[in-house]
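Nothing in this text is a laboratory measurement; each read-out follows from the coordinates by a stated rule. What you see is a predicted model, and the numbers here were worked out from it, not measured in a lab. Virtual Cβ from ideal backbone geometry, glycine too; neighbours counted across all protein chains shown.
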Amino acid sequence: MNNLQGKHIVLGVTGSIAAYKAVDLASKLTQAGAVVDVIMSHGATEMVTPLSFQVITHRPVITQVFSPLAETEIGHVTLAKQADVFVIAPATAHVIARLALGLADDMITTTALATPAPMLIAPAMESHMFEHPATQQHLATLRARGAAVMQPGTGHLASGAQGVGRLPDPAAIVEAIRQLLGRGGDLHGRRVVITAGGTQEALDPVRYLTNHSSGKMGFRLAEAARDRGAEAVIITAPSAQPTPYGVRRVDVVTGLQMLDAVMAEIIEADALVMAAAVADYRPAQASTQKIKKSAEAMTLELTRNPDILKEVAAARAQSALLQNLVVVGFAAETENLLENGQKKLIEKNLDLVVANPVPESFAGDESQATFIYRDQPLKPFALQPKSQVADRVWDVVAARLRASIQR
Ligand code: CTP
């Protein structure tokens, strides 16, 4: 689900040198289907022209409080009412102070006072200004009032110095907006644990056994859960996927490490979705030194890794705390997809199995899933983006969680 589609985003741009990056932000939001109304402070107009935003958003850009246009169809009161999220990016130390004080001396601060929409602040400034107690106190005040404040990036600043104060990446700002829009979604207040990636089982310090899992399905699941209001934790084997904004990432390497992490994280969780491709076997003995070649052939001795889902099933049978945990497994198969999926549903005591043919579903961005339920006929889906498969999984989990409350 793209929760930006049709949403009204009011984007306040203030006079930081990073204002040019807000053009990219406006573009990303517009491309995702949001309606973006930009309000520029006087300082911002010195950095970027209003025309840049207008071309990108196909909407008039507001630069002053009492322009004739602003007082008709897109005046501050109208905008304030229409906004689903009010974003200030980049936010200078000056606008942060004015917002904290509740001043209403330009279109951005006036709209901020008038809107009931959640507010997102993406600060950008020189590091001493960001770290100054005045700025920190103002940000604390804004947080206490419910605003979401992003941590600025660290690195090269416009002053030439290195430090904290860079505008967060526009892609991360988009994700933070998606998270805000998801507040109050059907997974609100739920804690969900997702596993991702293919575990690596070391043979020696330079070699390991692994598989082709990209981790994409797990990361799409984490993003989709976040965008429906959940607190999402992703336990991931090595994967090139970047950590989604607002998702807690636990890095592991081996199947045994993943087992420990899953057991620790499910204690207070509402759902576990095991999208990881866990190695079924690991080398019986990992050599501490690099294995040197000698004979023409070599035999590896492997030991079974624990089956994490079976361990979870055993723990659920023992612990009242885990009784209501909804558990979803994946079945990646080259043959007998549905029979094997059904077997896993029963043997691992799952609420849902997402069966995928491999290699088609392994590394790409799309997957052709069939859902195998305990109490309903199976449901095949057409090939679709993994982000959509993720939303269908959360539909099932959310329904299960609702049902367990009613029980
Ligand atoms: N799984 C697990 N622990 C393992 C292996 C797999 O928890 N040691 C989980 C996977 O994350 C997935 C499900 O079990 O959700 C099915 O994984 P899959 O690799 O398809 O099947 P296996 O159970 O390993 O069985 P087989 O390899 O015989 O098909």
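Where a Cα-Cα gap under 19 Å defines reach, which aspartates and glutamates qualify for Lys292, not counting those fewer than 8 residues away within the same chain? Straight-line reach from Lys292, under 19 Å: Glu201, Asp204, Glu301. All Cα-Cα distances of segment 69-172, cut into 5 Å bins from zero to the largest, leave 2, 13, 22, 23, 18, 11, 7, 3, 1 percent in each bin in turn.
Under 14 Å from a label point set 7 Å out along the Cα-to-Cβ vector of Gln318, the amide N atoms of segment 265-279 belong to 267.
The distance between label points at Ala399 and Gln5 comes to 1.9 nm (points 7 Å beyond Cα on the Cα→Cβ vector). At an R0 of 60 angstrom, the distance between the Cβ atoms of Gln368 and Met129 translates into a FRET efficiency of 0.70. Here the simple spin-label model places points 7 Å from the Cα toward Cβ, and for Ala104 and Ser294 these points are separated by 8.4 nm.
Straight Cα distances below 16 angstrom link Lys81 to the aspartates and glutamates Asp37, Glu71, Glu73, with same-chain residues fewer than 8 positions distant left out. Axis angle, to the nearest 10 degrees, between helix 170-182 and the longest C-alpha principal axis of the chain: 80 degrees. Taken along the Cα-to-beta-carbon direction at a fixed 7 Å, the label points for Gln31 and Gln54 span 2.4 nm. Amide H to amide H distances under 5 Å link Leu302 with Ala284, where only residues 5 or more positions off or on other chains count and H is placed in the peptide plane.
The distance linking segment 106-145 with segment 220-264 is 30 Å (Cα centroid to Cα centroid, whole angstrom). Pairs exceeding 29 Å between alpha-carbon atoms, taken from Lys28/Lys386; Lys290/Lys348; Lys216/Lys290: Lys290/Lys348; Lys216/Lys290. For the chain, adding -39500 (n - 2.57) for each run of n ≥ 4 DSSP H residues and dividing by the number of residues yields -10500 deg cm²/dmol at 222 nm. Counting only lysines at least 8 places from Lys343 when in the same chain, those with an alpha carbon closer than 21 Å to its own are Lys310, Lys379. For the chain, the Kirkwood hydrodynamic radius comes to 23.6 Å, computed from all pairs of different C-alpha atoms. Between Lys343 and Ala284, the FRET efficiency from the beta-carbon distance, with R0 = 30 Å, is close to 0.65.
With a Förster radius of 41 Å applied to the beta-carbon distance between Gln64 and His188, the computed FRET efficiency rounds to 0.60.
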